[in-house]
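Heads up, the thing below is written out as structure tokens.
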Amino acid sequence: MRKILPAIALSVLLLLVVASQAVAAPSLIEASAKVAYISLDTAFSYGGEIEFANSFFIQYLGNKHTHYALAGVRYFLLPYTPEAAMQTPFSFMFSAIEALRFPEGERLDWLTIFTLGIDYDFGKTCVAIEAGGGISVYSMKPFYLVQLQLGFHYTTNHLLSQTLLQ
């Protein structure tokens, strides 16, 4: 139990620190299809993600034997301002994720995950790849994951005045 508490505390701290970025972010909703390989499984997982306010997201991933429910915060490292983001289609991002793993025939597992990723925005669509790792909170078993994402997004920036965005 002593090993679990620092992992949980670090995850919660990072989620709180990184979440402050979303308050100033323009309103953006993105729906994505995902393919992921998580080293805890022997098969690829497929699913989707919904992202809100350019930062908060929820995901579902699953394969024949295992299902995942994930939630996290995404922080864009470069470009780091909304103005700079309008000038370049590339983004470099960091994600802090908490997940529940539902393996068939085994007990439920809780995962803490950190990833780095690159996102390329085509306008209304985007492609991203994320890679990282984490630890199973119950078994303390480390793992890695790689995710590929194709997303479609809608921004409501045109509905907001510039004074509201500042």
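The values are calculated or read from the model by the stated rules, or taken from the named source; none is laboratory data. Note that the coordinates shown come from a computational prediction; the quantities given were computed from them, not determined experimentally. Neighbour counts are summed over all protein chains in view; Cβ atoms, including those assigned to glycine, are modelled from backbone coordinates with ideal geometry.
Looking across the stretch 88-112, just one residue is in contact with a Ser or Thr (Cβ under 7 Å, 6 or more places away or on another chain) and exposed (fewer than 14 other Cβ atoms within 10 Å of the Cβ), and that is E104.
Only one entry in G132, G105, G123 is closer than 30 Å to M86 by Cβ and either assigned to a loop (DSSP other than H, G, I, E, B) or touching a residue at least 40 places away in the same chain (Cβ under 8 Å) (or both), namely G123. For the stretch 68-87, filtered to residues that are within 19 Å of E130 (Cα to Cα) and of a type outside the set (A, V, I, L, M), the residue that is surrounded by the fewest Cβ atoms within 10 Å (Cβ to Cβ) is Y80. For the stretch 106-150, a residue qualifies if it is more than 17 Å from L28 (Cα to Cα), out of contact with any helix residue (DSSP H, G or I) (no Cβ under 7 Å at 6 or more places or on another chain) and of a type in the set (V, I, T), and the qualifying residues are I113, T115, I118, I129, V146. Within the set Y80, Y144, Y75, Y120, the sole residue that is closer than 18 Å to D41 by Cβ and of a type in the set (S, T, Y) turns out to be Y144. Would a scan of the stretch 28-39 turn up a residue that is under 18 Å from Y154 (Cα atoms), among the β-branched types (V, I, T) and modelled with pLDDT under 90? Scanning the stretch 28-39 turns up at least one residue that is under 18 Å from Y154 (Cα atoms), among the β-branched types (V, I, T) and modelled with pLDDT under 90. Just one of the listed residues (F102, F94) is in contact with a Gly (Cβ under 9 Å, 6 or more places away or on another chain), farther than 20 Å from G48 by Cβ and not hydroxyl-bearing (S, T, Y), namely F94. For the stretch 44-93, the set of residues classified as part of a loop (DSSP other than H, G, I, E, B) and either in contact with a strand residue (DSSP E or B) (Cβ under 8 Å, 6 or more places away or on another chain) or in contact (Cβ under 8 Å) with a residue 60 or more places away in the chain (or both) consists of A53, N54, S55, N63, H65, P79, P89, listed by residue number. Within the set I97, I50, the sole residue that is under 26 Å from S39 (Cβ atoms) and at pLDDT 95 or above turns out to be I97. Step by step: first the residues of the stretch 129-149, then only those that are touching a Lys or Arg at 6+ places or on another chain (Cβ under 8 Å) and more than 13 Å from L116 (Cβ to Cβ), then the one that is modelled with the lowest pLDDT. Which residue is that? Here the residue is Y138.
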